[in-house]
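Enquirer: This is the structure I want to talk about, given as structure tokens.
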Amino acid sequence: MPYRIVIVDDEEDIREGLTDLVDWAGLGYTVVARLEDGRDAISYIESHPVDVILTDIKMTFVSGLELAKYVHDRQLDIKLVLISGYKEFEFAQQALSYQVTHYLLKPTKLQEIHQVFRDVKANLDKEKAEKEQSLGLLSRNEEMLFMLRRQFFAELASGALTGREEIERRLQLISLPADPERSPCCLYAIRIHQDGPLPDPGAADPDANRILRFVRHAYKHEQDHLLHIPLHAEAGVIRMAALGLGSGMPDAASIEEIEEKVALHFDTVKSRLHAVLGTTSELEQVQSYACLLDLARPEARTGAQPEPVATRSGAASSPQDPDASRFDPLVIQKAKSYIQEKYNEDLSLEDVAEHVYLSPVYFSRLFKKQTGRNFTDYVTEIRMLRAMEYLRQPQYKVYEIGSIVGYRSAKYFFKLFKQYAGCTPTEYRNTLP
């Protein structure tokens, strides 16, 4: 995208000449305005985006130096190039104090103008790249912080995090000004009502993830000293946590206020969900705790876990299903979702570990500890289950299915399938009704 330049000169011939004779498009610019005074330029930049101003230093009402001072004092992200027929040193000195990029003297040579604006573009390109890199780093840091906060609550709710000192350390790490013994918290769910059949539990649900992103944005900022943290999206349900921050929440002896605030804040989000996405929703499974340590204690969590989500046929998810666990630490849930999305690709342990911001060794150990199986076995089981789904569809040939679910070698696929199912893929298809 070309940079936007404004040309300001009170002499029409010079103004038009600079516009027409310089190959602005070739230099990477587009002239968005030609103005005759600094006063006009100030009016223009107040309502239009501008990257560069090329201006005469002496004009009738507002000079180029005054225009430069205006840009400098307001810290506008605009490059200034001054052009003048005067050679007095004080002009150049003053221009430098306003961080003017270049100072040209009339009559200017076309070659000199080209060189100056090539330099200006090089600086703009560099600053743009640095800004994009900085924004990208900020975005990644925000995503990492969000993941760490989700992980914190998942470990609290699962009993994996119980010590006061460790909880305090983690709170500092994730920038949450809360006290383990005084800050009330709450686990709850947002039930989303949508038309059509529910996806199978554990299956990828793009709508649920889309709604999770919407809810995350709606609850982005602290409200009434209460921070809401989306934890997990599944078919028709968004799992949430809420934490009282700072000194604005009541003492640990009172938790009614956190429930009132959760309900009040949800009413606003509910209206937004309906207005923007056309969905109806309700608050359910609200479980409040006087403090974080209460959430961490096993006896306080009795009844806090939601019921298993029914499949389309009405049967609850079986614990033997690889996707049935709803309460793994969130980093494992994220890893499972990634595997389910990428299972048919050349997926490695290193790829998944990088996706969840863990080292491969630590991720492998954590995955085994939380799921009871190693990474390779889990990927194999996902692929075998998907292969069985494809075998139910006669349009797919048996020898093609191995490639579809991620195996380059049909022979190796047949071997793994027989180990998993106790029969070959062909035999499995022949037993289907």
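Every number in this text was worked out from the coordinates using simple rules, so none of it is lab data. Keep in mind that what you see is a predicted model, and the values were worked out from it rather than measured. No Cβ is skipped: glycine too gets one built from the backbone with ideal geometry, and neighbour counts run over all protein chains shown.
Enquirer: For the range 370-427, what does the relative contact order come out to in percent, with C-alpha contacts under 8 Å and a separation of six or more?
Expert: Result for the range 370-427 is 26 percent.
Enquirer: Sort H265, H274 so that the residue with the fewest other Cβ atoms within 10 Å of its own Cβ comes first and the one with the most comes last.
Expert: Least crowded to most crowded, the residues run H274, H265.
Enquirer: Okay, next question. Can you tally the net charge around G64? Count Lys and Arg as +1, Asp and Glu as -1, for every other residue whose Cβ sits under 11 Å from the Cβ of G64. List each step's numbers first, then the result.
Expert: Details: positive: K58, K69; negative: D9, D10, D37, D56, E66.
Its environment carries a net charge of -3.
Enquirer: Give the calculated FRET efficiency between Y420 and S47 to the nearest 0.05, with a Förster radius of 56 Å applied to their Cβ-Cβ distance.
Expert: FRET efficiency, Y420 to S47: 0.25.
Enquirer: At a 10 Å Cβ-Cβ cut-off, how would you order L105, L21, fewest neighbours first?
Expert: Fewest-to-most Cβ neighbours within 10 Å comes out as L21, L105.
Enquirer: Tell me, what is the FRET efficiency for A25 and V276 to the nearest 0.05, using R0 = 30 angstrom and their Cβ-Cβ distance as r?
Expert: So, using R0 = 30 Å, E works out to roughly 0.15.
Enquirer: Put a dot 7 Å past each Cα toward the Cβ at E165 and K220; how far apart are the dots in nm?
Expert: Output for this residue pair reads 3.9 nm.
Enquirer: Turning to a different aspect of this structure: What's the extension gain from N123 to T376 if we count 0.36 nm per residue and subtract their Cα-Cα distance?
Expert: Contour length minus Cα-Cα distance gives 86.2 nm.
Enquirer: Treating cross-link reach as a plain straight distance, find the lysines whose alpha-carbon is under 22 Å from the alpha-carbon of K131, omitting any fewer than eight places away in the same chain.
Expert: Once the sequence-local lysines are set aside, what remains near K131 is K79, K121.
Enquirer: Return E16, E345 ranked ascending by Cβ neighbour count within 10 Å, so the fewest neighbours appear first.
Expert: E345, E16
Enquirer: Treat each spin label as a single point 7 Å out from the Cα along the C-beta direction, and report the E16 to L104 distance in nm.
Expert: 1.9 nm
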